[in-house]
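Asks: Below is the structure I would like to discuss, written out as structure tokens.
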Amino acid sequence: MKQPLAHLTLGQPTDYPSQYDAGLLQAVPRQLNRSPIGIGCEQPLPFHGVDVWTGYELSWLNETGLPQVAVAEFRVPCSSPNLIESKSFKLYLNSFNDSRWANWAAVEQQLVSDLSHCAGSPVQLNLMTLTQAATLIIGDLPGDSLDQQNLCITDYQYNPQLLAHAQSAQLEVEETLHSHLLKSNCLITNQPDWGSVVISYRGRQIDRAALLRYIVAFRHHNEFHEQCVERIFMDIQQQLGPQELTVYARYTRRGGLDINPFRSNFEQPPATIRLVRQ
């Protein structure tokens with residue numbers, strides 16, 4: 001996996017430019033991860049969804065040199081050929097810092113154009129003033145928490161077989177579960193990625209202890225945020241076969257960016273909330 005990504009600036013000493021440079025953005029083909037988890041490049045995706053990024057450190061200069069600050073929400077469709085590598089995204093946003101722009105609309109237009117080009121599909125943007133961003137609700141995830149179970153766990157290595165036989169033979173349910181115990185590591189740098197995950201499904205009831213053990217087993221797993229969510233979706237779908245399934249994770253920010261991938265085969269992304277760690 002790492003060899004095709006050797007060109008990335010991630011994990012390398014890097015200067016932080018302050019003049020606008022779209023060339024800083026780096027794309028990662030989504031198919032690099034999808035083929036190993038059973039999603040062929042010629043077949044339809046088994047889910048729809050979006051990667052919702054929140055940028056908290058966005059600033060530029062107006063025409064008179066007065067700094068402007070904003071919070072931005074970017075939505076990258078999961079059907080895009082590429083995901084946007086996070087460090088390159090941070091460097092790119094930093095390149096706006098000392099560049100002058102005629103107005104907010106010009107900044108928004110440039111962001112949409114550059115990010116859409118990198119992803120290979122149209123990216124949506126909500127560019128907010130701090131007053132507008134202050135209306136974002138800090139809340140909790142929907143459904144029942146998995147985290148209060150009295151479990152003894154000693155295995156922190158990714159293991160999809162933890163889901164094997166983890167469902168009721170007869171009881172059909174429609175439920176939403178969540179956990180704040182998701183942790184994985186960056187594919188390139190091994191830095192920890194802390195997250196919370198929602199799993200909504202309709203089908204034979206999943207054993208909650210087995211599901212939590214599976215989520216915790218990502219603790220030493222190295223993969224990008226978007227790839228982890230797709231892996232969780234495919235593992236549950238392949239092992240347990242629910243009729244409907246959503247996997248939605250919200251990760252804590254690094255370098256002023258958080259990444260929140262949503263994948264579902266039956267519902268649309270919910271309204272944006274922020275969790276207490278975001």
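Bear in mind these aren't lab numbers, they're just calculated from the coordinates by the rules spelled out. Keep in mind the model is a prediction, meaning the values are calculated, not measured. Heads up, the Cβs are rebuilt from the backbone with ideal geometry, glycines too, and the neighbour counts pull from every protein chain shown.
Asks: For the chain, find the longest principal axis of its Cα atoms and tell me its angle to the long axis of helix 225-240, 0 to 90°, nearest 10.
Replies: Compared with the principal axis, the helix lies near 20 degrees.
Asks: Placing unit charges on C-beta atoms (Lys and Arg positive, Asp and Glu negative, everything else neutral), compute the dipole magnitude of the stretch 3-133 about its Cα centre in debye, rounded to 20.
Replies: Values: 6 positive and 11 negative charges, 59 e Å.
Charge dipole, the stretch 3-133, about its Cα centre: 280 debye, nearest 20.
Asks: Which ordering of 175, 230 is given by a fewest-first count of other beta-carbon atoms within 10 Å?
Replies: Values: 175 14, 230 25.
Fewest-to-most ranking of 175, 230: 175, 230.
Asks: Could you tell me which of 171, 184, 196 has its Cα farthest along the dipole of the stretch 144-264 towards the positive end, charges placed at Cβ (Lys, Arg +1; Asp, Glu -1), taken about the Cα centre?
Replies: Of the listed residues, the answer is 184.
Asks: Restricting the calculation to Cα positions, tell me the Rg (one decimal) and the Dmax (whole number) of the stretch 3-133 in Å.
Replies: 16.0, 53
Asks: A further question on this structure: Give me a comma-separated list of calculated 3J(HN,Hα) values for the stretch 94-103, in order, Karplus coefficients 6.51, -1.76, 1.60 applied at θ = phi - 60°, integers in Hz, x for any Gly or Pro.
Replies: With coefficients 6.51, -1.76 and 1.60, one gets 5, 5, 7, 3, 10, 9, 9, 10, 5, 6 Hz.
Asks: Grab the beta carbon distance between residue 170 and residue 138, set R0 = 51 Å, and tell me the FRET efficiency rounded to 0.05.
Replies: Values: r = 40 Å, r/R0 = 0.78.
My answer for the efficiency is 0.80.
Asks: Once the dipole of the chain is set up with Lys and Arg at +1 and Asp and Glu at -1 on Cβ about the Cα centre, which of 118, 76, 151 lies farthest towards its positive end?
Replies: 151
Asks: Around residue 169, what is the net charge, scoring Lys/Arg as +1 and Asp/Glu as -1 over all other residues with Cβ under 13 Å from its Cβ? Please list the in-between numbers first.
Replies: Numbers: positive: 204; negative: 172, 207.
Residues close to residue 169 contribute a combined charge of -1.
Asks: Further question on the same structure: Loop sites only, by DSSP: take the chymotrypsin sites (Phe, Trp or Tyr not before Pro) in the chain that have at most 16 other C-beta atoms within 10 Å and name the longest stretch containing none of them.
Replies: Numbers: sites that count: 156, 266.
The longest such stretch corresponds to 1-155.
Asks: So for 229, 197, fewest C-beta neighbours within 10 Å to most, what's the order? Mind dumping the intermediate values first?
Replies: Working: 229 28, 197 23.
Going from sparsest to densest Cβ surroundings: 197, 229.
Asks: Related question: Give, rounded to the nearest 20 debye, the magnitude of the charge dipole that the chain has about its Cα centre when Lys and Arg contribute +1 at Cβ and Asp and Glu contribute -1 at Cβ. List each step's numbers first, then the result.
Replies: Details: 20 positive and 27 negative charges, 82 e Å.
Once rounded to the nearest 20, the dipole reads 400 debye.
Asks: Write down the radius of gyration of the chain and its Dmax, each obtained from C-alpha positions, in Å.
Replies: In Å, with Rg to one decimal and Dmax whole: 19.5, 68.
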